[in-house]
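All remarks here apply to the structure that follows.
The values are calculated or read from the model by the stated rules, or taken from the named source; none is laboratory data. Small disclaimer: the values here were computed from a predicted structure and weren't measured. For neighbour counting, all protein chains shown are included, and Cβ atoms are generated from backbone atoms with ideal geometry for every residue, glycine included.
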Amino acid sequence: MSKKIVLTGGGTAGHVTPNLALIPYLQKAGYDIYYIGSMNGIEKKLIADYNIPYLPIETGKFRRYFDPKNFTDPFRVIKGYRSARRFLKDYRPAVVFSKGGYVSVPVVQAAARLHIPCICHESDMTPGLANKLCTPFAKKVCCNFPETMKNLPQNKAVLTGTPIRDELFTGDPEKGYQLCGFTKDKPVMMVIGGSLGAASVNKTVRDNLDTLLQDFQIVHLCGRDKIDNLLLTKPGYRQFEYVKEELKDLYAMADIVLSRAGANVICELVALRKPNILVPLPTGRGDQKLNAASFEQQGYSIVVQDDDLPDCINEKIHELYVNRAQYIDAMSQSHQTSSIPIIMNLIETAAGNK
């Protein structure tokens with residue numbers, strides 16, 4: 001049987017990193033891998049490090065609100081569909097694995113029309129619009145949360161969890177200290193706003209920086225073009241737009257984490273047993289609020305709403321640090337399954353290799 005697979009997904013790092021976690025396992029299983037992504041999305045940059053062939057296609061956003069681009073984006077989607085179909089017809093992969101994002105829709109639909117089996121993965125508690133559009137064409141839909149199962153077709157839904165990159169478990173805190181120029185005299189707080197950054201989280205941290213730095217050193221992943229140049233030389237404070245291979249060392253160094261509540265990052269926090277405060281994105285379809293509420297209920301996280309953050313950041317960070325052992329204990333009892341073997345089994349079955 002064919003040992004070719006196409007991976008797709010993009011727009012944010014959350015739609016790419018689970019694919020990156022699968023790549024070593026797919027290679028070990030003997031698969032030739034091709035990635036289909038958008039022209040200028042973050043996926044193109046992330047995949048470049050893995051020496052995986054990359055096909056960029058046109059894509060458009062599926063909006064539920066008025067925007068002038070609503071008149072032009074459908075034509076970009078059609079163009080992307082044609083490019084994907086042309087490639088898939090020639091390449092003939094045994095299976096397509098989609099992590100979601102708008103670029104995945106034309107790829108999954110084109111694959112289904114060519115009778116190529118597709119497996120989709122939904123990270124959030126409620127399926128996003130792109131995955132809703134892909135589900136009718138998918139053979140199986142993987143998900144993170146038990147609560148998601150009821151929102152998916154019964155014969156397609158598989159509870160897998162999120163693939164987490166093996167290298168995240170190999171971090172060296174000493175390298176993290178060296179990279180940031182930190183000492184061991186104070187604990188380290190890591191701030192994660194996602195690959196695109198989180199303006200309100202960034203502002204709140206910086207507005208309270210002098211107070212926070214009395215008790216913590218802070219490494220701040222602030223997002224693309226979000227570096228504050230006036231704070232570049234602030235002792236105990238280190239900013240990065242985005243990190244790749246260094247992430248494992250920063251995680252290993254961090255005592256506590258302040259983060260948005262994207263599904264992939266919060267699953268990493270639980271797997272790495274990092275006490276955390278989650279600040280769900282206040283806009284959008286509310287998936288981050290649901291993700292965060294689930295983790296708070298399980299005792300893994302403190303949740304602070306975006307509007308409340310400026311008033312209570314100092315109090316909540318100190319509360320988290322003082323009670324960190326309680327959160328580590330709760331996360332240590334997590335029944336989060338090892339998702340990669342389950343997903344690999346679905347891929348092998350769909351590809352006809354089992």
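Run down L230, L281, L269 and say which single residue is hydrophobic (A, V, I, L, M, F, W, C) and over 28 Å from E147 (Cβ atoms).
L230
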(request) For I277, work out the one condition from (1) in a helix (DSSP H, G or I); (2) of a type in the set (V, I, T); (3) modelled with pLDDT of 95 or more it doesn't fulfil. (result) (1)
(request) Can you give me the ranges of the strands (runs of 3 or more DSSP E) entirely in segment 188-274 with at least 2 residues that are surrounded by fewer than 23 Cβ atoms within 10 Å (Cβ to Cβ), free of Cβ contacts under 8 Å to residues at least 24 places away in the same chain and not acidic (D, E)? (result) 237-240
(request) Would you be able to say whether some residue in segment 310-319 is part of a loop (DSSP other than H, G, I, E, B) and either of a type in the set (D, E) or over 18 Å from F216 (Cα atoms) (or both)? (result) no
(message) I'd like to verify a number: residues in segment 114-151 that are surrounded by fewer than 22 Cβ atoms within 10 Å (Cβ to Cβ), at negative phi and in a loop (DSSP other than H, G, I, E, B), how many?
(response) 6
(message) If I go through segment 9-24 residue by residue, how many of them are on the phi > 0 side of the Ramachandran plot and either touching a Cys at 6+ places or on another chain (Cβ under 8 Å) or not in a loop (DSSP other than H, G, I, E, B) (or both)?
(response) 0
